[in-house]
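Just so it is clear, none of the values below were taken in a lab; they were calculated from the coordinates. Note that the structure is predicted; figures quoted are calculated from it, not measured. When we count neighbours, we look across all protein chains shown, and the Cβ atoms used for this are built from the backbone with ideal geometry, even at glycine.
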Amino acid sequence: MGAGRYYEDFAVGDTYKHWPGRTLTAADNTWFTLLTMNQHPIHFDEEYAKQTEFGKPLVNSALTLAVVVGMSVADVSQRAVANLGWTDIVMPAPVFNGDTLYAESTVLEKRESKSRPTEGIVTVATRGWKQDGTTVMTFKRSVLVPKRP
């Protein structure tokens, strides 16, 4: 019933290429930035952004994280009971309006839950990159997933 992987379907070392990619627009960036009450003008004020080292608006890094995580859901957490955490979030390169993001996740480890015998914990390393191949984000994510019924 339903889509997604059970605990038993994950194997350490497996890599899932998430599809499709997602092009981020100025509207996406402005709406997300204002919705989340981030008032930094580098995300939505083009005249301000022209005066920075980037010369144009930056995509809000929290939006980049949200999109890359969202891209991974079908492969990693469609059946998840809970997200347990994100660690080691690194943003080595900027994302700009009009960039298209792609992502993949590699299973780093898995273990049975000590307190929930019908579930297990899976940890993945996820990498997001833009259309020219530049890595724009990496992070580790742990999710609690059910075992097969």
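Expected output is a single nm value to one decimal: the length gained when fully extending between Val90 and Lys140, i.e. 0.36 nm times separation in residues minus the C-alpha distance. What is it? Please report the intermediate quantities before stating the final value.
Details: separation 50, 0.36 × 50 = 18.00 nm, distance 0.97 nm.
Length gained between Val90 and Lys140: 17.0 nm.
Can you check what the net charge comes to around Val12, using other residues whose Cβ is under 12 Å from the Cβ of Val12 (Lys, Arg +1; Asp, Glu -1)?
Working: positive: Lys110, Arg111; negative: Asp14, Glu109.
Spelling it out: positives minus negatives among the neighbours equals 0.
Convert each backbone phi in region 89-94 into a coupling constant with the Karplus relation 6.51 cos²θ - 1.76 cosθ + 1.60 (shift: θ = phi - 60°), then list the ³J(HN,Hα) values in order as whole Hz, x for Gly and Pro.
6, 10, 10, x, 8, x
Give the long-range amide H neighbours of Met137: residues separated by 5 or more places, or on another chain, with amide H under 5 Å away, using H modelled in the peptide plane at 1.01 Å from N.
Excluding prolines and chain starts, which carry no amide H, the hits are Gly128.
Which far-off residues, 5 or more places away or on another chain, put their amide H under 5 Å from the one on Gly120, with H placed in the peptide plane?
Correct list: Ser113, Val145, Lys147.
Determine which residues of region 92-125 fall in the zone a paramagnetic label at Glu47 would reach in this model, i.e. backbone nitrogen under 17 Å from the point 7 Å along Cα→Cβ.
Those under the cut-off are none; the list is empty.
Please compute the Kirkwood hydrodynamic radius of the chain from all pairs of different C-alpha atoms, in Å with one decimal. Don't skip to the end; give the middle numbers.
Working: mean 1/r = 0.0609 Å⁻¹.
16.4 Å is the Kirkwood radius here.
At 0.36 nm per residue, minus the direct Cα-Cα distance, what do Leu108 and Phe54 gain on full extension? Give it in nm, one decimal, please. Write out the running numbers ahead of the final one.
Values: separation 54, 0.36 × 54 = 19.44 nm, distance 3.45 nm.
Length gained between Leu108 and Phe54: 16.0 nm.
Per residue of region 96-109, in order, report the coupling 6.51 cos²θ - 1.76 cosθ + 1.60 (Karplus, θ = phi - 60°) as ³J(HN,Hα) in whole Hz, putting x for Gly and Pro.
For region 96-109, the Karplus curve yields 10, 3, x, 6, 10, 9, 10, 7, 8, 10, 10, 6, 8, 7 Hz.
HN-Hα J couplings of region 70-80 from phi, Karplus 6.51/-1.76/1.60, θ = phi - 60°, integer Hz, Gly and Pro as x?
Per residue, the Karplus-derived 3J(HN,Hα) values read x, 4, 7, 4, 4, 8, 10, 10, 4, 9, 4 Hz.
Can you check what the net charge comes to around Asp28, using other residues whose Cβ is under 12 Å from the Cβ of Asp28 (Lys, Arg +1; Asp, Glu -1)? Walk me through the numbers on the way to the answer.
Details: positive: Arg22; negative: Asp99.
So the surrounding residues net to 0.
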